[in-house]
Amino acid sequence: MDAKDILVFNVDRLCQEKGWKHFRLASEMGVKPESLSRSLNGLPRIDTIEKIAKALDVSIKSLFEDPVAIEGFVSVGGKVQRFNSREEFKRIVNRHRQKMNFTLTSTEDDDEDDMPF
């Protein structure tokens with residue numbers, strides 16, 4: 001997913017969370033719906049991105065956060081470990097699989113690495 005796809009995905013997600021359509025977002029931004037549509041389907045200018053972020057009450061950075069990225073903490077045997085990517089989490093799980101005492105199961109939608117997300 002490239003930056004443009006991530007932007008569009010996050011704008012759509014944030015609008016959905018607010019119960020907004022793009023028409024409402026355009027109104028909150030003070031632009032015509034056609035202008036917003038052209039921006040999201042093309043290469044939006046930075047001032048348009050700023051208006052989108054302000055209207056949605058989020059940071060510009062959050063508009064470009066990868067929607068499938070994961071990060072967090074896991075405690076294994078009393079030791080807390082931080083992970084910032086799916087790959088780091090998989091390494092932790094694989095390194096401590098016996099201590100964790102669980103089995104990962106796959107479904108048809110899982111990819112080949114047997115991670116359930």
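The values are calculated or read from the model by the stated rules, or taken from the named source; none is laboratory data. Remember, predicted model here, so these are calculated numbers, not experimental data. FYI the Cβ positions are ideal-geometry reconstructions off the backbone, even for glycines, and counts take in every protein chain you see.
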Going by the conditions given, is ALA3 aliphatic (A, V, I, L, M) and modelled with pLDDT under 95? yes
Find all pairs meeting these conditions: Cβ atoms under 9 angstrom apart; at least six residues apart or on different chains; first residue within region 60-85 and without any contact (Cβ under 8 Å) to a residue 24 or more places away in the chain and of a type in the set (Val, Ile, Thr); second residue surrounded by 10 or more Cβ atoms within 10 Å (Cβ to Cβ) and in a strand (DSSP E or B). VAL74/GLN81; VAL74/ARG82; VAL74/PHE83; VAL80/VAL74
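Conditions (1) over 30 Å from ARG97 (Cα atoms); (2) among the acidic types (Asp, Glu); (3) outside the structural domain of ILE92 (by TED's automatic domain parsing); (4) modelled with pLDDT under 95, marked per residue:
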position: ASP12; (1), (2), (3), (4): yes, yes, yes, no
position: CYS15; (1), (2), (3), (4): yes, no, yes, no
position: PRO33; (1), (2), (3), (4): yes, no, yes, no
position: GLY42; (1), (2), (3), (4): yes, no, yes, yes
position: ARG45; (1), (2), (3), (4): yes, no, yes, yes
position: LYS51; (1), (2), (3), (4): yes, no, yes, no
position: VAL74; (1), (2), (3), (4): no, no, no, yes
Residue count, region 13-34, condition surrounded by 14 or more Cβ atoms within 10 Å (Cβ to Cβ) and either without any contact (Cβ under 8 Å) to a residue 12 or more places away in the chain or not charged (D, E, K, R) (or both), comes to 11
Among the residues that make up region 54-61, is at least one of them part of a loop (DSSP other than H, G, I, E, B), closer than 13 Å to LEU7 by Cα and assigned by TED's automatic domain parsing to the domain that holds ASN10? yes
Members of region 66-86 found to be within 18 Å of MET1 (Cα to Cα) and surrounded by 12 or more Cβ atoms within 10 Å (Cβ to Cβ), listed by number: ASP66, ILE70, SER85, ARG86
